[in-house]
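Here's the structure we're looking at; comments come further down.
The values are calculated or read from the model by the stated rules, or taken from the named source; none is laboratory data. This one's a predicted model, so the numbers in the text were calculated from it and none came from an experiment. Ideal geometry is used to build each Cβ from the backbone, glycine not excepted, and the neighbour counts take in all protein chains shown.
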Amino acid sequence: MFDGITDRLIPLFAIGAFLAFTLSQTGMVMHWWKQRVGGAQSTGVGSSRIHGKLAINLIGAVATAVAVTIIVATKFREGAWITIVAIPLLIAMFKAVKRYYDHVETEIRSFRPLDLGNHQPPVVIITAERWNRLVAKALHFGMRISGDVIVIHLGEVAEPHDEGKEERFRQDWHRYVEMPAEQSRFRCPRLIRIHSRFRKFVAPLLECISKLQEDFPNREVAIIVPELVKSHFWEYLLHNHRARRLRAALLRHGRRLTLITVPWHLEEAAASSNGDAVHSAGQA
């Protein structure tokens, strides 16, 4: 905008600098004006000295204000208008940011004691597309914190090539969840199947969660989202971001929802496999 000519940038700096001088000098004038009546005893400065300092700061404020006025008047078209526009906009932005922080502080401030009246465990909801170690870890954690665990199976609209996936999930659910729960006399988690077109999962899931909230009006709902922890930058390119999108949608969905992330590190698979091998060897 200024063709690299530094002389054209001087008015922008000069306005900001002289305006800062004017404001600081004016502030000192206001300070000494308040101190001139009864301030001599509190500050230890004599009344005559206060008037002298006030006069010096007043001269400085007037001189720098005149300088700002002259620069704005003579250099307005040469770029000084940018500073005149930018400073009020910046001040308005800062005040808006402060209002926002004050609003947030007012919203989250609490003067109430901790409510210990309702100790019911939450209703736990876990999403599962297929049976794997991530779902198993989330399910194990969910069954430890609540007796009401609901697993929502996300599947596609039934197509000939999808029937095998659905049947395989039913077999895995019976083998790896229902049978161990029955043998250990645990309350088996409830399974809900929902289907959607074109792999859309957020809208059907939110609708299902809303219905479950209506079924449990006096209970908190905790949603466990299993997520694969990515250690390398290229892993972010190779995996989808379904867990992140799901968390973002759930945070905006309702006030009676609590989100719990159960991470799965790839190193856990190796450790789990070694443990399974040792367990199998011991049984043998």
Fill in the blank from the handout: Cβ pairs under 6 Å, 6+ apart or interchain, first in the stretch 52-72 and in a helix (DSSP H, G or I), second modelled with pLDDT of 95 or more and of a type in the set (Lys, Arg), ordered by first then second residue, are none
Handout entry: Options ARG242, ARG193, ARG252: the member that is of a type in the set (D, E, K, R) and over 13 Å from LEU154 (Cβ atoms)
Key = ARG252
Practice task
Sort through ALA61, ALA73 and tell me the only one that's of a type in the set (A, V, I, L, M), exposed (fewer than 10 other Cβ atoms within 10 Å of the Cβ), over 44 Å from the mean Cα position of the chain (by Cα) and at negative phi.
Solution key: ALA73
Exercise for the section: Give the residue, chosen from LEU259, LEU191, that is surrounded by 15 or more Cβ atoms within 10 Å (Cβ to Cβ) and either touching a helix residue (DSSP H, G or I) at 6+ places or on another chain (Cβ under 6 Å) or not in a loop (DSSP other than H, G, I, E, B) (or both). Expected result: LEU191
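I want to confirm something. Restricting to the stretch 135-149 and keeping residues that are surrounded by fewer than 22 Cβ atoms within 10 Å (Cβ to Cβ) and not basic (Lys, Arg), which single residue is nearest to PHE216 (Cα to Cα)?
ASP148
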Practice task
Tell me, yes or no, whether the stretch 97-115 has at least one residue that is modelled with pLDDT of 90 or more, among the aliphatic types (A, V, I, L, M), not assigned by TED's automatic domain parsing to the domain that holds VAL202 and not in a loop (DSSP other than H, G, I, E, B).
Solution key: yes
